[in-house]
Amino acid sequence: MKQSGKLKLNRLGKVEPEKREIFLYLSFFVIFLSCNLQNNKGQTDAGKETVHESSKEAVRDTNGIEDIAVFSGYEKYDNNLSTVADKIEFIQLSNEPPINDFLIYDVQVEENYIFLSDLYNIRQYDLQGNYIKNIGGRGMGPEEFIQLNPPLQLDRENKLIYAVDVERRRMPVYRYDGSFACAISLEKNAKSVALIDSTTIVIRQNMSERELPECPLIRFMNYEGEITKVYPSHLYPYSGEKINLGSMESFLWEVRGQLHYLEYGSDTVYQIVADSIIPVYRLTGKLKLKPYEFFSYEIGNRLNILAYILRPNSAIFESDCYMIFRLGNQRERLFMIYSKETKSFHRTYHKDAPVFHSRFRFGGDTKMMDYFIDDTVSGLHFNPQYQSMEKAIALIPATEVREKRDDILRFIASHPSDEGARLKAIVEAMDEFDNPVVMMVTFK
């Protein structure tokens, strides 16, 4: 069972493209304040956290794992999506109900459906983008949830959807037909989970755990809600000045049905096998952050792995041929692409990339270069913020499609393809108040 600051809004409440980055950082600021308040409020309880001593495991010897020098200043630039993409797909979402694409925190796909989730909704669509129904609903009833935490988890074999209700500390489970199946209890800090198999769930380390006296690297739980194994962190707890809390969850991604895991601030990528973790890669490079820099904004040109707020699967993408890392520092945000075959790197660099001007201490003027150019089908920018079934996924706002309409149609005319013909029909019929287009890319 594998898995995979003043806003300009249109009349449907969607964020205009030029304000999206400002909204992102303001969202981070709000979450930063709320987490500080919550952590201070719960400081007494934090010392009482129980780590299961009997189940602690020593991480396997790291001899022989592959070093990947991702934190280096490579200047081989290639922005073309065709370099890394094997397949590109576009799906127009139906307009009812209207959605705010910026507030969609996860997109999951399977052979017949697309599922979109925000904090309060799970929406189901077919693969033509037709809306089918909302699954579950807000409330305190046995089949309801209060607030969801991404990502969704799909058991595709048994056609089940696992959500995480952070307020009620449980995972409500729904069938694809919308009916309620069961609920699994979660402990307080279990906020981001992944299904491993029919007996095991993994819990990622999150930022609220990095100050605990015995911070876990990763935890394994059974379907009765019992913690069965804990791997301790050798990096945390962190007790320094808390300027920047770092990634909300540690990084987890899937390739060929295999889950990989990286603790935020650590340098070792682990493969998850049953309830064990096996080191497979070590991330290195002269621009890697020092331990005392993990939670600081004053990092100069050193590089850090980044994820978007409430999009826990937006930092690292992997395929048979490539590993793609979203990196950043005070000056720029970019994708670094590692070729498994040639052991070489290239990165995205856009001379005229948009610049985020921060009023807070979020890195100053940052060039937002973490996107590819679709040079095969559409000419659009591609900045994936979700992943599912080994597809990297982005939502392209209707306002962006309308703004670039003529450019897109000219590109399609000069680069004819079956997918381009489908996209042309979408673009020609699209209104600026329509719901977004789902863009899915399968990497080589």
Sparse-neighbour loop sites [GluC sites (Glu not before Pro); region 221-327; at most 14 other C-beta within 10 Å; DSSP]:
E224, E226, E241, E298
Pull out a ≥ b ≥ c, the square roots of the eigenvalues of the alpha-carbon gyration tensor of region 264-399, then state rounded if a/c is under 1.5, prolate if not and a/b is larger than b/c, and oblate in the remaining case.
oblate
Measuring from the lowest to the highest alpha carbon on each principal axis, how far does region 356-435 reach, largest first, in angstroms?
45, 30, 24
Relative contact order as a percentage, region 324-444, C-alpha pairs under 8 Å and 6+ apart, gives 20
Trypsin sites (Lys or Arg not before Pro) within region 169-234, DSSP loop, no more than 16 other Cβ atoms inside 10 Å:
R169, K188
Exactly which trypsin sites (Lys or Arg not before Pro) in region 241-290 are in a DSSP loop and have at most 11 other Cβ atoms within 10 Å?
R256, K286
Dividing the mean separation of Cα pairs under 8 Å (6+ apart) by the residue count of region 131-248 yields a relative contact order in percent of 15
If contacts are Cα pairs under 8 angstrom and at least 6 residues apart, what is the relative contact order of region 93-180 in percent?
20
How big is the Kirkwood radius of region 104-262, worked out from every pair of different alpha carbons and given in Å to one decimal?
16.6
Going by amide H atoms built from the backbone, whose H comes under 5 Å of the H on L186, apart from near neighbours?
R170, M171
In order over region 124-141: 3J(HN,Hα) from phi, Karplus 6.51/-1.76/1.60, θ = phi - 60°, whole Hz, x for each Gly or Pro, gives 10, 10, 8, 6, 8, x, 6, 5, 9, 5, 8, 10, x, x, 6, x, 9, x
Please work out the C-alpha center-to-center distance from region 147-176 to region 73-129 and express it in whole Å.
19
Once phi for every residue in region 148-159 is put through the Karplus expression 6.51 cos²θ - 1.76 cosθ + 1.60 (θ = phi - 60°), the whole-Hz ³J(HN,Hα) values, with Gly and Pro written as x, are 8, 10, x, x, 6, 10, 10, 9, 5, 5, 9, 6
Given that compact globular proteins tend to follow 2.2 N^0.38 Å, what is the ratio of the alpha-carbon Rg of region 72-152 to that value?
1.46
Determine ³J(HN,Hα), in whole Hz, for all residues of region 398-411 in sequence, where each value follows from phi through the Karplus function 6.51 cos²θ - 1.76 cosθ + 1.60 and θ = phi - 60°; x replaces Gly and Pro.
4, 4, 5, 4, 5, 4, 9, 3, 5, 5, 5, 5, 5, 5
Which residue, chosen from T376, P397, F443, occupies the Cα position most advanced towards the positive end of the dipole of region 352-444, where the dipole is computed from +1 (Lys, Arg) and -1 (Asp, Glu) charges on Cβ about the Cα centre?
F443
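Since every read-out is calculated from the coordinates, none of them should be taken as a lab result. Note that the structure is a prediction, hence the values are computed from the model and not measured. As a convention, Cβ positions derive from the backbone with ideal geometry for all residues, glycine included, and neighbour counts pool all protein chains shown.
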